[in-house]
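First the structure, in the form of structure tokens, and then the observations on it.
The values are calculated or read from the model by the stated rules, or taken from the named source; none is laboratory data. As the structure is a computational prediction, the values presented were derived from the model and not from experiment. Here the Cβ is made from the backbone with ideal geometry for all residues, glycine too, and neighbour counts use every protein chain on show.
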């Protein structure tokens with residue numbers, strides 16, 4: 001995790017996610033996808049036009065040609081595809097995708113939570129062709145029709161299980177020492193006095209591994225509001241985790 005302020009860097013030297021300058025870590029993040037809309041281009045929310053019927057992704061930082069694996073954690077469907085170009089879009093989002101990509105991943109377009117992972121190119125991945133779940137594209141009309149049995153469904157029908165709503169948390173950092181997490185939490189409250197302190201939680205994941213998170217959030221608008229407050233504080237990249 002990177003920060004703009006030098007003082008934050010000094011505070012977070014104990015973070016377990018430090019990356020060597022000589023060995024750049026592959027990009028990996030969790031959050032919400034920005035699904036392209038033609039009206040947004042006309043309103044200058046985004047600065048490039050795309051064809052929503054094509055599988056296209058774009059990023060505000062990653063270089064064109066970067067191979068990315070997108071995963072819908074709701075159903076584990078994935079697609080691997082190259083970044084088309086750099087584009088400006090609202091900073092809350094992790095990546096821009098077309099509706100075609102959203103449909104292939106079967107994303108919930110109201111809450112398009114997604115995992116983004118940079119892949120190193122090799123013989124196993126060919127851009128634009130490395131896609132999963134092709135077996136679901138089979139034509140079912142060729143299946144033979146056999147005996148049809150009609151049951152009285154009123155006797156067997158049971159109430160469908162109510163699907164649990166998703167809960168989200170913003171991950172602010174992973175720490176080797178709990179004291180380091182406390183220092184950052186206190187500094188956040190000092191610099192963002194209108195931030196709800198009750199949302200900031202320090203969780204012990206394992207020995208010498210503490211997480212500082214903000215949440216829980218059940219509404220994407222509230223999450224977005226706090227996310228942008230934290231970005232203004234100096235965070236360059238923040239992950240979002242989902243729970244049920």
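Could you say whether any residue in segment 115-127 is assigned to a loop (DSSP other than H, G, I, E, B), within 25 Å of residue 223 (Cα to Cα) and at pLDDT 85 or above? For segment 115-127, residues assigned to a loop (DSSP other than H, G, I, E, B), within 25 Å of residue 223 (Cα to Cα) and at pLDDT 85 or above: absent. Restricting attention to segment 59-76, and to residues there that are within 14 Å of the chain's Cα centre (by Cα) and surrounded by 13 or more Cβ atoms within 10 Å (Cβ to Cβ), which single residue is farthest from residue 114 (Cα to Cα)? Taking the candidates together, the pick is 59. For segment 219-239, name all the residues that are within 16 Å of the chain's Cα centre (by Cα), touching a residue at least 40 places away in the same chain (Cβ under 8 Å) and in a loop (DSSP other than H, G, I, E, B). Those that are within 16 Å of the chain's Cα centre (by Cα), touching a residue at least 40 places away in the same chain (Cβ under 8 Å) and in a loop (DSSP other than H, G, I, E, B): 236, 237, 238.
Being farther than 26 Å from residue 93 by Cβ and either at pLDDT 90 or above or assigned by TED's automatic domain parsing to the domain that holds residue 95 (or both): is that true of residue 196 here? Taking the combined requirement at face value, the residue does not satisfy it.
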